[in-house]
Amino acid sequence: MTTSMELQDVHKSIGNKQIIKGLNFTIKKGEVFGFLGPNGAGKTTTIRMMVGLMNITSGDIKINGISIKNNFKEAIRHVGAIVENPEMYPFMTGWKNLKHYARMIPGITDERIKEVIRLVGLEKAVNEKVGKYSLGMRQRMGIAQALLHNPSILILDEPTNGLDPSGIREIRSYIRNMAEKEQVSVIVSSHLLSEIELMCDRIGIIKNGELITVEEVQDTSTENDDVTVKLDLDDNEKAMTILQDQLELETKIVQERVVANLPKSSVPQLVRKLVEEDIAIYEVAVERSRLEDKFFELIGENTIA
Amino acid sequence: MLNFISLLKNEQMKLYSRFGTWSMFIILAGILLVAALIVFVFGDANEETYSENWKEQLTQENEEFLEVSEEQEYVGFDSEIAINEYHIENDIKPHPYDAWQFTLANAEVSMIISLFTIIVAAGIISNEYRWGTIKLLLIRPISRTKILFSKFVSVLILSVSMLIFLFIISLVIGAIFFGINSWNPDLVQMGAGGIEEVSIFTEILTQYGLNMVNLIMMATFAFMISTLFRSSAMAIGLAIFLMFTGTTIINFVAEYDWAKYILFANTNLGQYFGNGSPIIDSMTLGFSITVLVIYFVLFLLVSWLSFTKRDIAGN
């Protein structure tokens, strides 16, 4: 089976208002899928429908081929999730919180709980009350409870919300790890492109309850794609002349950097040329601006919180 | 079934992890301690020890009762006099005040347990919403129905625990202050058909049981309100208000026949036992039980519908 989750024409209305207007997409096994959209676009509503917290007005969501609508118990067994903030019982210790969720699914041993605690690195804090945890620790507790039953699908709603940069990096590496080593499908929602671009294989963009586009995120652009190159050089004027005359490139200066658009395959040639001309190169940055541009184009800059 | 027990364990763990739950037990013990001290210091517990010639003492008591009733028109001691005469006629020496009498006298404290149960019932669902943990609770392979009923049953388990605690602590405190004379003494009291002898233990159980009816009905009501409106403050307020005003309301409308269908006309089953009489003449024990069961099922049905059908939306 290669499809982990399938959304089939999912609609959601509350009162007379249509909040989700027909979502169709699939999530493959072992894939990290980003769910991107401005606040209020319907991300959380969709996620709540995926985990059965909200009823689906029409359409269906299938998890490993099982309908969440008609067979909730069987479908949800494969899912681990954090919906919005990872809220725990503040008056109980980390261990008791995990024990609480472990009791709700048959077959989770104390050994497994310890294993998960080690995985998220909470060994020291597990006997303290969750009320004393920092936000980062609570986020890790959230991930721990979601992983207890070895789910094949992990759903994380805004997992990096309120985390500091090191926390964000940590979460990112967990997620990549889960997908690559354990073949877990991960669905991550966010309203910040920069945040999920780095961890996702594909990104679906949602706006006003509609899926606008699904984009592949490529680590390496193909040879023929145009890329934007930013150059930090000692002599900008000289370099610009060379690039314009000899390589026939359009160039401009942005923030003291020479910027040029060219096919990826031509980048080595450009560097070689500059070296030949005896220009000192401090930095060559290749920007993958395609997705960002597209996102702004689709969503509009002002709507991003 | 196995995972229902796991759910119960979870709920009990959550209840007992909070100080609020423990404080209820502490308050109960505190109330009994104060009650024992008051009786010990100011009460007539010591005077009521009967000596060898207890029959003469009782006769003298009866004469005093008669004098008072003649002086004051509205004070009657008929049942006390009858009970004393019964003792004399049947040659049963009255028991002195001891731990059993103390326990029976404080059976009314189970009203406080009703209050505590309402507070717990009102919070057990709405707190999950307040903490936000409801989302993590409902994304497990367990039906919402099971989760709802595990919570309801947990409330009942807690209130039964408190009743057992009340019984034991009453006996213990009573024994410390007043001693204990025998393991299951009989009690002479005024019953429905005149004077009867009952085991004091049975009498205590009956009192607890009767208060339990009111407790369960009000807790179920609070549970419903809490599930429906997801607010514990509202559930506590409404349930306690109705618990205290319910009987007053009934007295106002008792002249109408439809009043017998109101919940509060039926919660005090004590009206059918002993020398009580029903609020409305046409009511019977069977009728009251039927009405109570209908309300009970209705409250649970409303809770169940709202809990299982509702979307868990944002805070």
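Read-outs throughout are calculated quantities, based only on the coordinates presented, and are distinct from any laboratory measurement. Just so we're clear, the structure is a prediction, and the values are computed from it rather than from any experiment. Methodologically, a virtual Cβ is constructed for each residue, glycine included, from the backbone with ideal geometry; neighbour enumeration extends over all protein chains shown.
Positive contributions from Lys and Arg (+1) and negative ones from Asp and Glu (-1), summed over other residues with Cβ under 13 Å from the Cβ of B:L210, come out at -2.
Comparing A:V286, A:V130, A:V188 in a Gaussian network model of chain A (Cα springs below 10 Å), the most mobile by mean-square fluctuation is A:V286. Counting Cβ atoms of other protein chains within 10 Å of each Cβ in B:298-311 and taking the mean gives 1. Divide the volume of the convex hull around the Cα atoms of the protein assembly as shown by the residue count and you get 220 Å³ per residue. Here the range A:34-99 is assigned +1 on the Cβ of each Lys and Arg and -1 on the Cβ of each Asp and Glu. Its dipole about the Cα centre then comes out at about 180 debye.
If packing is taken as the mean number of other Cβ atoms within 10 Å per residue, what is the order of B:33-42, B:168-177, highest first?
For the peptides B:33-42, B:168-177, the packing ranking is B:168-177, B:33-42.
Can you tally the net charge around A:I20? Count Lys and Arg as +1, Asp and Glu as -1, for every other residue whose Cβ sits under 12 Å from the Cβ of A:I20. Spelling it out: positives minus negatives among the neighbours equals +4. In summary, the aspartates and glutamates within cross-link reach of B:K55, defined as a Cα separation below 16 angstrom excluding same-chain residues under 8 places away, comprise B:E47, B:E63, B:E64, B:E80, B:E85, B:E89, B:D91.
With charges set only on the Cβ (+1 for Lys and Arg, -1 for Asp and Glu), what does the dipole of the protein assembly as shown come to about its Cα centre, in debye to the nearest 20? Value, rounded to 20: 2940 debye.
Could you give me the percent of Cα pairs per 5 Å distance bin for the range A:3-216, shortest bin first, beginning at zero and ending with the bin that holds the maximum distance? Answer for the range A:3-216: a P(r) of 1, 7, 15, 19, 20, 16, 11, 6, 2, 0, 0 percent.
For the set A:K12/A:K43; A:K69/B:K309; A:K114/B:K9; A:K99/A:K129; A:K62/B:K135; B:K135/B:K309, the pairs lying more than 18 angstrom apart at their alpha carbons are A:K114/B:K9; A:K62/B:K135.
Of all alpha-carbon pairs in the range A:226-293, indicate the percentage at a distance above 13 angstrom. List each step's numbers first, then the result.
On the way: 1378 of 2278 pairs.
Roughly 60 percent, once rounded to a whole number.
What is the calculated FRET efficiency for B:F241 to B:S306, with r their C-beta to C-beta distance and R₀ = 25 Å, to the nearest 0.05? Spell out each step's value before the answer.
Details: r = 21 Å, r/R0 = 0.85.
In this case the efficiency is close to 0.70.
Two numbers describe the Cα atoms of the range B:143-240: Rg and Dmax, which are 18.5, 54 Å.
Sorted by packing (mean other beta-carbon atoms within 10 Å per residue), highest first, where do A:251-261, B:117-127 land? If you can, show how the numbers build up before the last one.
Values: A:251-261: 14.0, B:117-127: 25.3.
Peptide ranking by packing, descending: B:117-127, A:251-261.
Estimated from helices alone, the mean residue ellipticity of the protein assembly as shown at 222 nm is -16500 deg cm²/dmol (sum of -39500 (n - 2.57) over DSSP H runs with n ≥ 4, per residue). The range A:4-61 and the range A:171-196 have their alpha-carbon centroids 18 Å apart.
Averaged across the residues of A:53-59, what count of C-beta atoms belonging to other chains lies within 10 Å of each residue's C-beta? Let's see the in-between values first.
Values: counts 8, 4, 3, 0, 0, 0, 0.
Across A:53-59, the average partner-chain Cβ count within 10 Å equals 2.
Report the one residue of B:I113, A:I56, B:Y86 whose Cα lies farthest in the direction of the positive end of the charge dipole of the protein assembly as shown (charges on C-beta: Lys and Arg +1, Asp and Glu -1; origin at the Cα centre). Highest projection toward the positive end goes to A:I56. Using the average count of surrounding beta-carbon atoms within 10 Å as a protection proxy, the listed peptides B:54-62, A:146-154 rank, highest first, as A:146-154, B:54-62. Look at the stretch A:72-79: the mean tally of other chain Cβ atoms within 10 Å of its residues' Cβ atoms is 3.
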